[in-house]
Amino acid sequence: MVRINATITTDIHHRLRRQIRTFVNARVKWVRDPYLDTAVEKEKNLKSLLSLKNLIISHPSKAPPLRTISPLKPQLNLPTTALKFIQNYPFVFKTFRPPIPLSTLHVKLTPNAESLHNDETLFLNLSHYRKDLAQRLAKLLMLTRANRLPFFVINRFKFDLGLPHDYLLSFLSEFPEYFQICQMGFKGADGREVFGLELVKWRKDLAVSVVEKGVKREDFGGEKRVHIRYSMNLPRGFDLQKKVKIWAEEWQNLPYISPYEDAFHLAPNSDQAEKWTVGVIHELLSLLISKKTERENIYCLGDHLGFGIRFRKALVHHPGIFYLSNKIRTHTIVLREAFNKNILVEKHPLMRMRYKYISLMNKVLRRGIPINAGALRHRKRLASVKAANSKRMKQVKSIEPKED
């Protein structure tokens, strides 16, 4: 009898939590995580560099004139002039003048960068990689109620998903059983019809989230649900208020609703709806090869899916699941559990390739000798700290009373 009453009580409790909002009126402070900031910062300018690399390699001569690149600074999202950007990475790009009169500067890849590009091309053409990419793109579409997204939303995640820069031409046609181009039914700001990508059919085998894999389903009020507690990794110095801790513990015990289910019937401000919202964002970040993306990308997707401010609230309420970094001139949302300090726990093969580009980016020439720019910056910081300490010691000695 006691066990039956306990079950009934638990069922009532869960049903109430689905309809009510119990988040406490307490400020959840933001605390910097230096490790995750480093993970974001080490990819500074990587996206722009790869865009420029693709532009150069697509030129018929693989060595376009600099004057044709300079006007494309906004499209390439270069932080400075094209020439200065190119000169910042001497182990990736090389400028030269063709041996003809009055020739202008041209740009080409260095042998190391071109060799890495060739390796990358071979990998991107592997059938198992392309199928993995197709499945992750399909899962992104399956997070939507209509199983389709406009291209302007997909393009925001193109780099983070690992889609080829020309995926419309070079990739989608390989998977007619997965995708088809469709009209979205509305017009853009320019008055033109908006086109998007649609899933040909629902793929039940893909409708399993990362956190659901290998977890047994339990009974929650007559429904078979998985019991999932999200990994909470707070940085040193972060201390949640006691009432927030109590709320978070109860929130963790709510049943997990798959992000591939439509749970918009739930009261939008209820705790259960927020756990579903967190699950959608968690799955989205899990689909990305770097396990992070710009905050505006998430907001854009949330607005299109109808979540609106709910995505914003979920990111603020759960700093142990998501981290907001303000490095590299933007705001980046990072999935905490995907990192051990500043290292990705599971590196996607394409991320391994990108880290090789980062290694070339970090090399600079000093007196004709290649050195690691990161090591050089570290030595400069140490020298700066040493100089500051020395100056401070001199100031202390100058104010010490002299002995008679």
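None of the figures in this text is laboratory data; all of them are computed from the coordinates on show. Keep in mind that what you see is a predicted model, and the values were worked out from it rather than measured. Heads up, the Cβs are rebuilt from the backbone with ideal geometry, glycines too, and the neighbour counts pull from every protein chain shown.
When only alpha-carbon atoms are used, what values of Rg and Dmax, in angstrom, describe region 42-109?
That works out to 11.6, 41 Å for Rg and Dmax.
Under the Karplus relation 6.51 cos²θ - 1.76 cosθ + 1.60, θ = phi - 60°, what is the ordered set of whole-Hz ³J(HN,Hα) values for region 72-85, x standing for Gly and Pro?
8, 3, x, 5, 7, 6, 6, x, 8, 5, 4, 5, 5, 4
Quick one: what are the phi-derived ³J(HN,Hα) couplings along region 143-159, Karplus 6.51/-1.76/1.60 with θ = phi - 60°, whole Hz, x for glycine and proline?
6, 9, 5, 8, 6, 7, 9, x, 4, 5, 7, 4, 4, 5, 9, 4, 5
If I take every Cα pair under 8 Å that is 6 or more residues apart in region 31-101, average their sequence separation and divide by the length, what percent do I get for the relative contact order?
Details: 26 pairs, mean separation 14.5, N = 71.
Normalised by residue count, the contact order of region 31-101 is 20 percent.
Could you run the Karplus curve 6.51 cos²θ - 1.76 cosθ + 1.60 with θ = phi - 60° over region 104-112 and give me ³J(HN,Hα) per residue in whole Hz, x for Gly and Pro?
These are the phi-based 3J(HN,Hα) values: 9, 5, 10, 10, 9, 7, 6, x, 5 Hz.
State the Cα centre-to-centre distance between region 145-210 and region 73-128 in whole Å.
First find each Cα centre; the distance between them is then 30 Å.
Taking amide H positions as placed in the peptide plane 1.01 Å from N, state which residues far from Tyr256 in sequence (5 or more) or on other chains have amide H under 5 Å from it.
Under 5 Å from the amide H of Tyr256: Val226, Ile228.
Among 261-267, 134-140, what's the highest-first ranking by average C-beta atoms within 10 angstrom per residue?
Sorting 261-267, 134-140 by mean packing, highest first, produces 134-140, 261-267.
Report the Stokes-Einstein translational diffusion coefficient (µm² s⁻¹, integer) for region 95-197, Rh taken as the Kirkwood radius over Cα pairs, at 37 °C with viscosity 0.692 mPa s. Before the final figure, lay out each step's value.
Numbers: Rh = 16.5 Å.
Here the translational diffusion coefficient equals 199 µm²/s.
Taking 2.2 N^0.38 Å as the expected size of a compact globular protein, what ratio does the Cα radius of gyration of region 235-361 give against it, to two decimals? List each step's numbers first, then the result.
Working: Rg = 16.0 Å, N = 127, 2.2 N^0.38 = 13.9 Å.
For region 235-361, the normalised Cα radius of gyration comes out at 1.15.
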